[in-house]
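Comments concern the structure below.
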Amino acid sequence: MVAFQAAFSQYGLQQNVMSTVFGIAEHTLFVVGTHNISCVFVDRKLLENERLLRLVGHCDKATALQLVSHGDPHKFSETLDIQVRIVNETTHEKMRDGKVGEIWVSSPSVAMGYYNLPELTDQVFHAQIKGETSPKWLRTGDLGFFYKNELYICGRVKDLIIVDGRNIYPQDIETSVQEASEHIRPGCVAAFSLIDPSTNNETFGIVAEIRTPTHEGDDICYNILKRVRTENLISPQVIVLIKPRTIPKTTSGKISRRRCKLLFQQGELDELGRSIVPRETEMCSSYAPPTTAVQSELCKLWEEVNGCANVGISDSLLRFGGSSLDMVKFAGLIHTRMGLQLTVAQIFELENVANIALSLENYTSIQIPMIHVAPEDPMLSTSQERMLFFSVTDDQASKAYHIPFMFTLLSDCDLTTLEQSINLVIARHSILRTVYDFDTLRPTVVEGHVSPCAGVSMEELVCRAFDLSCEIPL
């Protein structure tokens with residue numbers, strides 16, 4: 001809408017004549033709308049992973065999602081008797097504001113049902129909110145939330161793509177695809193879930209119309225892949241380019257993702273070309289070996305992450321099947337092994353080892369300060385001295401810091417192995433083997449181990465103060 005208004009404003013189109021409207025055929029169209037168009041930017045990760053709303057003050061597509069308001073349904077509750085609720089699509093419980101759920105509608109405009117489909121009619125048109133007796137609700141199949149009483153829509157229940165535990169909205173992917181190349185027809189892109197037969201994990205595919213047949217199909221697919229990975233941090237399994245005006249649409253002109261997926265699986269799309277995104281990659285014929293120590297180290301780190309032993313410094317990591325998870329791991333290894341930090345977005349943008357190495361060598365990244373090992377005989381801080389003082393003078397103060405925990409083993413357990421495992425944890429963390437000299441106020445690390453307490457009650461353990469001069473705090 002912003003792009004449309006900007007394009008036609010020079011010809012006299014005013015913003016106040018445009019409206020955002022939400023409507024569906026099952027409600028004989030109109031549900032809610034507004035002339036006061038407003039947008040919010042929300043935390044993409046929180047919305048995808050937790051389906052919760054958190055506003056952010058920027059529009060970085062990798063971390064934020066822009067959503068437009070469709071107005072306040074309460075303004076139509078009296079005049080048109082339209083009621084709108086956000087409901088958990090699984091439990092049918094009403095959701096609080098700021099939580100994503102399915103949009104349910106009740107009004108006299110709801111249709112009677114689907115012709116000759118009684119079971120589907122009962123499921124969609126006669127839904128009931130948990131804890132309520134009336135009225136019956138229409139399940140729209142759309143996902144949304146309320147913010148300041150206004151309705152925001154963020155996807156479709158059945159169109160959600162779940163990758164690595166993230167709830168991905170296909171509209172986000174489709175927007176990235178449309179912006180990846182001028183050859184793509186706007187509004188003629190579909191993203192839908194697929195199952196990777198080699199891993200049995202859920203992934204997704206992309207189908208896109210192009211304006212006219214072209215020999216640049218490989219470049220178009222690569223630009224789509226790069227754009228989707230950069231902005232959405234996920235990789236499709238396949239990208240299909242089809243002839244113009246052949247993508248399946250509904251009677252109201254919306255993309256029919258389910259129909260598109262079905263035609264793809266049946267091999268009935270009017271394809272002009274496709275690109276299978278590689279998961280494993282062999283050495284490229286134009287292999288360029290590393291020439292500097294930094295390049296060599298980066299190639300080793302990428303091999304550790306992705307398993308590609310022959311990536312050249314000029315080869316695109318995207319073409320080597322680099323997923324968003326690979327990029328996160330790669331950034332983490334650069335951080336821990338090289339003492340430098342690059343964001344995942346920077347790695348996607350730099351694209352290959354040569355560019356990443358140049359960025360690191362020119363110190364364009366953020367240097368991480370070294371963590372110095374504490375001295376063997378450190379002084380206590382003021383707060384530590386205060387806690388130690390109270391532990392000696394006041395039993396109750398010492399007990400306040402106890403964290404009791406008890407569990408029952410429901411099956412046979414090798415107690416010797418369990419004890420050895422706990423002792424390994426104690427040995428690994430010196431703070432769990434630390435006692436304190438009350439005269440010098442200095443901590444000392446000692447040998448520590450698990451103490452048997454089978455005959456001691458939990459109440460006794462909780463109420464007994466530690467003697468920090470000789471007992472480890474465990």
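Quick note: the coordinates plus some simple rules give every number you see, no bench work behind them. Predicted model only: the values in this text are computed from it and were never measured. Glycine also receives a Cβ, built like all others from the backbone with ideal geometry; neighbour counts cover every protein chain displayed.
So how do MET406, MET1, MET338 line up by other beta-carbon neighbours within 10 Å, fewest first?
Least to most surrounded, the residues fall as MET406, MET1, MET338.
Any idea which of THR393, MET112, CYS299 is furthest toward the positive side of the dipole for the chain, if Lys and Arg beta-carbons carry +1 and Asp and Glu beta-carbons -1?
Result: MET112.
Tell me, what is the FRET efficiency for ARG51 and SER383 to the nearest 0.05, using R0 = 45 angstrom and their Cβ-Cβ distance as r?
E between ARG51 and SER383, to the nearest 0.05, is 0.70.
Would you mind checking the pairs LYS226/LYS329; LYS99/LYS261; LYS99/LYS158; LYS158/LYS329; LYS75/LYS130; LYS75/LYS148 and listing those with alpha carbons more than 21 angstrom apart?
Too far apart for the 21 Å limit: LYS99/LYS261; LYS158/LYS329; LYS75/LYS130.
How much length would be gained if the chain were fully extended between GLU182 and TYR11, taking 0.36 nm per residue of separation minus their Cα-Cα distance, in nm to one decimal?
Residue separation times 0.36 nm, minus the Cα-Cα distance, leaves 59.2 nm.
Going by a ≥ b ≥ c, the root eigenvalues of the Cα gyration tensor, does the chain fall in the rounded group (a/c under 1.5), the prolate group (a/b larger than b/c) or the oblate group?
In terms of gyration-tensor shape, oblate.
On full extension of the chain, what length is gained from GLU202 through THR250, given 0.36 nm per residue of separation minus the C-alpha to C-alpha distance?
Here the answer is 14.7 nm.
Which residues does a label at THR90 reach in region 122-145, if reach means a backbone N under 19 Å from a point 7 Å past the Cα toward the Cβ?
Within reach of a label on THR90, which here means backbone N under 19 Å from a point 7 Å along Cα→Cβ, region 122-145 contributes 128-131, 140-145.
Using a 7 Å offset from the Cα along the Cα-to-Cβ direction at both CYS39 and THR121, what is the distance between the two label points in nm, to one decimal?
Here the answer is 4.2 nm between the modelled labels.
How would you order 206-215, 267-276, 3-12 from highest to lowest mean count of nearby Cβ atoms within 10 Å?
Sorting 206-215, 267-276, 3-12 by mean packing, highest first, produces 206-215, 267-276, 3-12.
Straight distance only, please: which lysines reach the Cα of LYS136 with their own Cα at less than 20 Å, same-chain residues fewer than 8 apart left out?
LYS94
Quick check for me: using +1 on Lys/Arg Cβ and -1 on Asp/Glu Cβ, what's the dipole size of region 2-156 about its Cα centre, in debye to the nearest 20?
The calculation lands at about 340 debye.
Between SER421 and VAL446, what is the label-point separation in nm under the 7 Å Cα-to-beta-carbon projection?
2.7 nm
Say the dipole of the chain comes from +1 at the beta carbon of Lys and Arg and -1 at that of Asp and Glu; which of MET338, GLN178, PRO244 then lies farthest toward its positive end?
PRO244
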